[in-house]
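A short reminder: the numbers here are calculations on the coordinates, not readings from a lab. Keep in mind it's a predicted model, so treat the numbers as computed, not measured. Using ideal geometry, Cβ is built from the backbone for each residue, glycine included, and neighbour counts are taken over all protein chains shown.
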């Protein structure tokens, strides 16, 4: 029957089937629904606390390692700790950088962000560091060269090259074995030279490609309680091995800036050490990630400023070298080493803070809108996104892309 009898005896046509609600139309409990949508939008744009925590903790280790270098001398225990830190803090940064480069696709707006967030800071600091040495070290002969990365700027050069090649690694069938093969060949090729620090670019390439291949569940896997517990004996064994290896192993292997022949080793040692160190570095990096807290901490916000801490703390380290600040004997004693470690951590924490970011944003994150053509597609996206952002009260246009811009860097 198509009709139904009502109590008053009238016959009525049944109601039409319910249609799906209009997404823009208010429904029951409109205020609650809109609040939920706003909360979801906010959560989608919020930066991941785990990665910001990892970046901050890693940049602290970078600064500590740089301040240890001029005071470790012949202290075997300190040299062991130094080599262990250097075996994983750079790979950790590079893996995170690769992970956040997965969406890079040569789109005009992403190319502009790559230029303004990586290439321009490289040019600025590759010029500023030699000028700083001329003044502080009284060395008028110090040359400025954009082809020979100076001190910390090598990572910006490498990141620029790695990110440009991202579409290639996303297209090939087995990217990680291919990247490892390239790194192994680089380790036996002293002819590469120092231009653009290509030895480091190629030997650290597998870590970037590994980050490209990783998914969120891989990070969840290493953050389990069992892995955190297992990381304790792993790091203890690494420190013991580092203490044993200090008089037997060249520290240059950890920097990945020289070939095997340049380190005085036979050619076949290059590929062997490349694979061995890749395995050890990935293992220690996984243990490091296991200890990184995933919740919001007091230092989480500082993870967005690691580029500032990375590039700026180098001026203090180099000033100390030039001016002899690390020469007092007390700094080479245990209490002095502790004091230097605390100072390095406090310094880089301050350099990652928002006040410092505001002062140096012109060099780290220049907008440079005058230098680029306006992309019509991006203009349409901005017009569509702007009203929604104003309604939701967000300051960032896209949380994930912002996090890509604030690349974690290592020395």
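Distance between the pseudo-spin-label points of residue 134 and residue 267 (7 Å out from Cα toward the beta carbon): 4.2 nm.
Rg/Rh, computed from the Cα trace of region 238-344 with Rh as the Kirkwood radius, has the value 1.02. Sorting 255, 99 by the number of Cβ atoms found within 10 Å of their own Cβ, with the fewest placed first, yields 255, 99.
Take every Cα pair under 8 Å whose residues are at least 6 apart in sequence, average their separation, divide by the length of region 58-182, and the relative contact order is 23 percent. Taking the number of Cβ atoms within 10 Å of each Cβ as an exposure proxy, the fewest-first ranking of 180, 221 is 221, 180. Counting beta carbons within 10 Å around each of 135, 64 and listing the fewest first gives the order 135, 64. The fraction of all Cα pairs in region 183-286 landing in successive 5 Å bins from 0 to the largest distance is 2, 11, 19, 20, 16, 15, 10, 5, 1, 0, given as whole percents.
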